[in-house]
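The values are calculated or read from the model by the stated rules, or taken from the named source; none is laboratory data. Note that the structure is a prediction, hence the values are computed from the model and not measured. We place every Cβ from the backbone using ideal geometry, glycine too, and count neighbours over all the protein chains shown. These accessible areas exclude ligands, DNA and RNA; they are computed on the full protein's heavy atoms, side chains included. Shrake-Rupley method; radii C 1.70, N 1.55, O 1.52, S 1.80 Å.
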Amino acid sequence: QVDAVRVYVNSSSENLQYPVLFVVRQQKGVLSWQVPLIFRGLYQRTYNYQEVSRTLCPTEPTPETRPSDQIIFVDVASMAPFNIAYELLVTRLENFQLETNKAFNFTASPSQPQYFLYKFPQDVDSVIINVVSDAAYPCSVVSVQDIVCPVYDLDHNVEFNGVYQSMTKQAAITVQRKDFPGEQFFVVFVIKPEDYACGGSVPSSIPGNLNRTWNLQRTKNLQVTIVPSVKKSVYVQAMFFSFLSFLSFYLGSVVVAFVHYISTDMKLTVPPGSISIAGSGMMTASHPISASTPEGSSYGAIDESSSSGGHQLSSPERRPPAGSDTDSSVEEESDFDTMPEIESDKNIIRTKVFLYLSDLSRKDRRIVSKKYKIYFWNIITIAVFYALPVIQLVITYQTVVNVTGNQDICYYNFLCAHPLGVLSAFNNILSNVGHMMLGFLFLLIVLRRDILHRRAMEMKDVYTLDYGIPKHFGLFYAMGIALMMEGVLSACYHVCPNYSNFQFDTSFMYMIAGLCMLKLYQTRHPDINASAYSAYASFAVVISLAVLGVVFGKNDMWFWVIFSMIHVLASLALSTQIYYMGRFKIGECYVGIFRRAVMVLYTDCIQQCSRPMYMDRMVLLIVGNLVNWSFAVFGLVYRPRDFASYILGIFICNLLLYLAFYIIMKLRSSEKLLPIPMFCIMATAVVWAAALYFFFQTLSSWEETPAESREKNRPCILLGFFDDHDVWHFLSAAALFFSFLVLLTLDDDLDTVRRDKIPVF
């Protein structure tokens, strides 16, 4: 048992020119202070206290010597030319050493700080110091310091040594035995003279002597409990759980692929008049296939005379020779139109009242596929150049936290922050493994489909068969990479979560939402979808706006006015392009677009009130614009501080709106939902609902001060290792994976349908 001594002094003198000086000399150190004790705050405010109480640095008897009495010298002095009365009281502390799993209550004030000793038990390697208080204010600081004299226990020096946190109602610090060679440490409690550091009111500047405050009552009742943290075996269990949970998705995918292989293997004997399509079983040819090869036609070409009027099928001029695989940059930069007549008739085709997929899939498949593969290669380049500086920055953040001991830099859930190595919250990083594993699994699934499709084309010359949705996998590959990078960047953000680096966690979420919308649009508009360069340039603009929102979005009204105008104008421009089946091009004359939109509204709605030519598209775009304008008005009125999440909400709402429209139009067109996409849709809805429940369980908030954020901290809920936000990581990864599978399998029912029978919407 370690004995400690506390010295209490009191002086009635208010003469700041001649304070009473107290110097305590011990065997291993000297402690000194003055009365009145002066604390300094903002705007040169001073807080003077005439009562001071300090705990002296204890001396622990060594095993070689028997316990002996402590010799302490207390020197009292003053330069005052007159007598000053003072009171001095020395007492022995009965409860100086804290015990494991036992709560201890005490009181502290700015001039009467407290600290206590804790020794690690033999079987404990890590502990969590839980401190609670019924009152949020006065603001306090909790510090963990090594057994070194003197102990820094005043407001102006408590940050000089050890690890510390500011506190209102709750604080938690995880301490590991390896960080303290002596296997013991001091827990220091300091009450600050002002509350602004914890989110309280900022004192106003008052000139003259009114800036001085005497004996302000700032007493705080605190309770401290030290509990053992998780053992190493829990770390191992958590890692096994994380990897095995997502390896089960791999097993499920293998089972589905095996069942699909067995089912297709049983259909190897193709009946006469049937055509085999990869991944779709078989279909019966509804048009005769030419047995002869007259001049000017290709082998296996479908007789164009049997097609419905206006729906022109493939012609020999648009098909390259069977063995050609041109990779010419000239073709890629020439808008990929390999038919001379496309430039002359595409505008006429796209303004037909009823469009079919054959009208918007007239370009050569190989060239268009290479166009979409650019999405994949570009996102890899973006990921490397974006992720490397992010990793370097968060490593610097973590290093600063470890070196300075300032745990107010990062907004963890300190009640469930399990360190590993130099990382302060390993559990928040481990829980992102699902995004990486499921992103890689999605790439494997897309690769399998791609390989099967290529084999089918090589065997059956499917280039001449206009059936089903055109198979372009470039966007799917890009989506898989984006999902993996979301896991990487989310893990980087959780190395040290704070206001400055939150955009790391959301940047690739913007890209995922944008790529999903592009993929939905590409499904029935393969020839007129956005190029990779313009799409990624648009994402770059969005991320730039997100950065500006982080910097200027807090209080600057001018930023929200400009952003809302950009948002509304971009919605109108994009709506006009979509309504008229225009192409997304940077540098397009948007003045002409708006002029055309105004003329259409004037002609159709004012002059003759005619029915819109494309009613379904018009309904979608009206609803979409109302949603986006509502977001713009909300941002302008409320100016949310979390600008990154605000933009993400815009993307997600637009994606959900478009997906709902697509599925409704698909069902209206008498198309079917096969069992696999139906299962994926149901799984997506259920998992997203569960994930969002845990997402809204706020465990911290960098919109507030670190002390206020810690009031939201909660204990772990899964395996004693993962908190609510970790469960959100697990479930959101699965939800995104199922969402991607929905887009991948949604139109599998159309693989046996001619493209001139598939409507465009």
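So, in the stretch 489-500, of the ones that are under 18 Å from Ala546 (Cβ atoms) and out of contact with any Phe, Trp or Tyr (no Cβ under 6 Å at 6 or more places or on another chain), which residue ends up surrounded by the most Cβ atoms within 10 Å (Cβ to Cβ)? Restricting to residues being under 18 Å from Ala546 (Cβ atoms) and out of contact with any Phe, Trp or Tyr (no Cβ under 6 Å at 6 or more places or on another chain), the top hit is Ser490. Let me spell it out: the conditions are (1) under 23 Å from Met239 (Cβ atoms); (2) over 18 Å from the mean Cα position of the chain (by Cα), and Asn432 meets all of them except one. Which number is the exception? All conditions pass for Asn432, except number (2).
Return the residues of the stretch 128-144 that are part of a strand (DSSP E or B) and surrounded by fewer than 22 Cβ atoms within 10 Å (Cβ to Cβ); say none if nothing qualifies. Spell out how you get there, then give the answer.
Narrowing the stretch 128-144 to residues part of a strand (DSSP E or B): 128-132, 140-144.
Selection gives Ile128, Asn130, Val131, Val132.
Hey, can you tell me all the residues within the stretch 43-58 that are outside any strand (DSSP E or B), on the phi < 0 side of the Ramachandran plot and either in contact with a Gly (Cβ under 9 Å, 6 or more places away or on another chain) or surrounded by fewer than 14 Cβ atoms within 10 Å (Cβ to Cβ) (or both)? Passing the criteria: Leu56, Cys57. Among the residues making up the stretch 729-750, those that are more than 23 Å from Met437 (Cβ to Cβ) and open to solvent by 10 Å² or more (accessible area, probe 1.4 Å) are Asp747, Asp748, Asp749.
The requirement of being in contact with a Pro (Cβ under 8 Å, 6 or more places away or on another chain), part of a strand (DSSP E or B), at pLDDT 85 or above and crowded, with 17+ Cβ neighbours inside 10 Å is fulfilled nowhere in the stretch 13-30; no residue meets it.
Answer yes if at least one residue in the stretch 428-444 is part of a loop (DSSP other than H, G, I, E, B), crowded, with 20+ Cβ neighbours inside 10 Å and in contact (Cβ under 8 Å) with a residue 40 or more places away in the chain, and no otherwise. Lay out the reasoning, then the answer.
If we filter the stretch 428-444 for residues that are part of a loop (DSSP other than H, G, I, E, B), which is where we start, we get 431-432.
From the residues that got through so far, the ones that are crowded, with 20+ Cβ neighbours inside 10 Å too are 431-432.
Narrowing further to those that are in contact (Cβ under 8 Å) with a residue 40 or more places away in the chain: 431-432.
Yes, the stretch 428-444 contains a residue that is part of a loop (DSSP other than H, G, I, E, B), crowded, with 20+ Cβ neighbours inside 10 Å and in contact (Cβ under 8 Å) with a residue 40 or more places away in the chain.
Taken across the stretch 407-415, residues that are touching a strand residue (DSSP E or B) at 6+ places or on another chain (Cβ under 9 Å) and surrounded by fewer than 24 Cβ atoms within 10 Å (Cβ to Cβ) do occur, with at least one present.
Every condition in (1) of a type outside the set (Asp, Glu); (2) under 17 Å from the mean Cα position of the chain (by Cα); (3) crowded, with 19+ Cβ neighbours inside 10 Å is met by Leu475 except one, and the failing one is (2). The condition (being closer than 30 Å to Glu711 by Cβ and open to solvent by 10 Å² or more (accessible area, probe 1.4 Å)) is satisfied by just one residue among Pro470, Pro419: Pro419.
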